[in-house]
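For reference, the structure is listed below as structure tokens.
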Amino acid sequence: MSINEQSEPFGAWLLKQAGRDDWIGTLAKQAKGDPKFQKSLTPDDLRKRLHDAGPRVTHSRRWMTPKPNG
């Protein structure tokens, strides 16, 4: 698990950034709306989920759902 100086997992830190007025704030708001988002998520886990979601990553609640195979 990736933690910061405050012994906080990356996912937990990200959720606290929802008030920011930049792309990190946007990402945090999306994460808050995702019932499958885990506070224990590492930066690499998030990068993989975003990559797997591909270009269809949007402002919907399904922003981190992997694309269907096929």
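Bear in mind that the values in this text are calculations on the coordinates, not laboratory data. As the structure is a prediction and not an experimental result, all values here were calculated from the model. Cβ: placed from backbone, ideal geometry, glycine included. Neighbour counts: every protein chain shown.
With only Cα atoms counted, the range 10-56 has Rg and Dmax values of 10.2, 26 Å. Other residues with beta-carbon under 11 Å from the beta-carbon of LEU15 carry, at +1 per Lys or Arg and -1 per Asp or Glu, a net charge of +2.
Other residues whose C-beta falls under 11 angstrom from the C-beta of GLY25 contribute a net charge of +2, scoring Lys and Arg +1 and Asp and Glu -1.
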